[in-house]
Amino acid sequence: MTTTDTTPSATTAPPTWLPVTAGAITLVMWASAFVVIRHVAHDVSPGALGSGRLLVAALVVLPLVLRRGWVAPTRREWTLLALGGIGWFGIYNLALNAGERHVDAGTAAMIIQIGPVIVALLAVPLFGERLHGWLLGGMVVGFAGVAVIARGSSTDADASLVGVLLVLVAAAMYAVGVLTQKVLLRRLPSVQVVFVSFLTGAVICLPFSPDLPGIVADGGAELWWIVYLGVLPTAVAFTTWAYALTHTDAGALSLTTFLVPGIATLIAWLTIDEVPPSLTFVGGALAIVGVLMTRKKPKAA
């Protein structure tokens, strides 16, 4: 997810309810994406679902890029843009869409929560962050949560270990995207970064999208679900999240993303009558505890 300056102006601060509402809308949209992907996973190929979603999102944010103006990336920034676009938006979508053919929406949302643990792990060699006890303990607890989820899925007739592993790959690609954006957003506008990332991800997904032309020509429900994913959970949700982040505490707001699995499970239960295996809730709780542990700073010596 993109980040922006989190210091609101004292003279232009909006009413408190506006950032709260923007944050809530974002969480519901992100949660709904897991349910929609699960709903159409067996009717649309992972590539078509990803490329269609990303192309729609790129078209939505293009006017914002044109209005903001283009900032020429350096050679290093182009490399990071390619890495983030290929990883977070390309491989992430392929792995998540394929994974949700094998695991339910709530389970997928819980596994993705392990992403921040992977971010913390990779930040040690990449950014020289300290490898302290809380970080190590959080990694152990977080990945233990994934193991519990995998165990619960392996005993469920509609789930499989393959699905868990695919979604775990998606979580790792999320971590790659966060780390590349941490560098890119120091100079480049956030809308430009996500626009290039959307297009790069779409290019990666297109070779795996043989059914996309037929879906577009048919104009059926599958096409409109793809449009929904591109407009609301992708383009609009990133915008409302950036707005909420600008006017609230970044740390407190980031913790609200732990609500996404619960919201996704509720939506899936109400709309497609799907509930994760019982062990998944235990594993999801462990994963969240692990993330919280990695964010705890050790006392200064």
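The values are calculated or read from the model by the stated rules, or taken from the named source; none is laboratory data. Keep in mind that this is a model prediction, so the values were computed, not measured. Here the Cβ positions follow ideal geometry from the backbone for every residue, glycine too, while neighbour counts run over all protein chains shown. Side chains are part of the model used for accessible areas, which takes the heavy atoms of the whole protein and leaves out ligands, DNA and RNA. Shrake-Rupley method; radii C 1.70, N 1.55, O 1.52, S 1.80 Å.
Results for (1) open to solvent by 20 Å² or more (accessible area, probe 1.4 Å); (2) assigned to a helix (DSSP H, G or I); (3) of a type in the set (Val, Ile, Thr), shown as yes or no for each residue.
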site	(1), (2), (3)
Thr21	yes, yes, yes
Leu49	no, yes, no
Leu59	yes, yes, no
Leu80	yes, yes, no
Leu83	yes, yes, no
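Restricting attention to the stretch 91-120, which residues are open to solvent by 10 Å² or more (accessible area, probe 1.4 Å), closer than 23 Å to Thr256 by Cβ and in a helix (DSSP H, G or I)?
Tyr92, Met110, Ile112, Pro116, Ile118, Val119, Ala120
Quick one: would you say Ile149 is under 19 Å from Arg101 (Cβ atoms) and touching an Asp or Glu at 6+ places or on another chain (Cβ under 7 Å)?
Working: under 19 Å from Arg101 (Cβ atoms): yes; touching an Asp or Glu at 6+ places or on another chain (Cβ under 7 Å): no.
When the stated conditions are applied, Ile149 does not pass them.
List every residue pair whose Cβ atoms sit under 7 Å apart, with the two residues 6 or more apart in sequence or on different chains, where the first one lies in the stretch 266-279 and is over 20 Å from Ile149 (Cα atoms) and the second, anywhere, is open to solvent by 50 Å² or more (accessible area, probe 1.4 Å) and in a helix (DSSP H, G or I).
Correct list of pairs: Ile272/His39.
Pairs only if they're at least six apart or on different chains, beta carbon under 8 angstrom, first in the stretch 75-100 and closer than 18 Å to Leu206 by Cα, second among the basic types (Lys, Arg); list them, first residue then second.
Pairs found: Asn93/Arg53.
Does Val203 meet the test of being in a helix (DSSP H, G or I), under 18 Å from Val193 (Cβ atoms) and modelled with pLDDT of 95 or more? Spell out how you get there, then give the answer.
Numbers: in a helix (DSSP H, G or I): yes; under 18 Å from Val193 (Cβ atoms): yes; modelled with pLDDT of 95 or more: yes.
Against the criterion (in a helix (DSSP H, G or I), under 18 Å from Val193 (Cβ atoms) and modelled with pLDDT of 95 or more), Val203 qualifies.
Testing Leu66 on (1) of a type in the set (A, V, I, L, M); (2) in contact (Cβ under 8 Å) with a residue 60 or more places away in the chain; (3) farther than 14 Å from Val236 by Cβ, one condition comes back false. Which one is that?
Every listed condition holds for Leu66 apart from (2).
With the condition kept exactly as written, say whether any residue in the stretch 224-237 is within 27 Å of Ala202 (Cα to Cα), modelled with pLDDT of 85 or more, open to solvent by 30 Å² or more (accessible area, probe 1.4 Å) and more than 20 Å from the chain's Cα centre (by Cα). Walk me through it before giving the result.
Initial filter on the stretch 224-237 (within 27 Å of Ala202 (Cα to Cα)): 224-237.
Add one more test, that the residue is modelled with pLDDT of 85 or more, and what stays is 224-237.
Cutting the leftovers down to open to solvent by 30 Å² or more (accessible area, probe 1.4 Å) gives us 224-225, 227-228, 231-232, 236.
Imposing the further condition that a residue be more than 20 Å from the chain's Cα centre (by Cα) reduces the set to 224.
Yes, the stretch 224-237 contains a residue that is within 27 Å of Ala202 (Cα to Cα), modelled with pLDDT of 85 or more, open to solvent by 30 Å² or more (accessible area, probe 1.4 Å) and more than 20 Å from the chain's Cα centre (by Cα).
Find all pairs meeting these conditions: Cβ atoms under 8 angstrom apart; at least six residues apart or on different chains; first residue within the stretch 40-56 and without any contact (Cβ under 8 Å) to a residue 40 or more places away in the chain; second residue in a loop (DSSP other than H, G, I, E, B) and open to solvent by 10 Å² or more (accessible area, probe 1.4 Å).
That search, which allows pairs on different chains as well, returns nothing.
Give Ala217, Ala170 a once-over and let me know the one that is more than 23 Å from Leu62 (Cβ to Cβ), of a type outside the set (Lys, Arg) and open to solvent by less than 30 Å² (accessible area, probe 1.4 Å).
Numbers: Ala217 fails: open to solvent by less than 30 Å² (accessible area, probe 1.4 Å).
The conditions single out Ala170.
Name the residues in the stretch 206-229 that are in a helix (DSSP H, G or I), over 28 Å from Ala82 (Cβ atoms) and not aromatic (Phe, Trp, Tyr), would you?
Gly214, Ala217, Asp218, Ala221, Glu222, Leu223
Given (1) open to solvent by 20 Å² or more (accessible area, probe 1.4 Å); (2) within 20 Å of the chain's Cα centre (by Cα), where does Leu279 come up short, assuming only one miss?
The failed condition is (2).
Among residues belonging to the stretch 88-140 that are modelled with pLDDT of 80 or more and of a type in the set (Asp, Glu), point out the one that is nearest to the chain's Cα centre (by Cα).
Result: Glu100.
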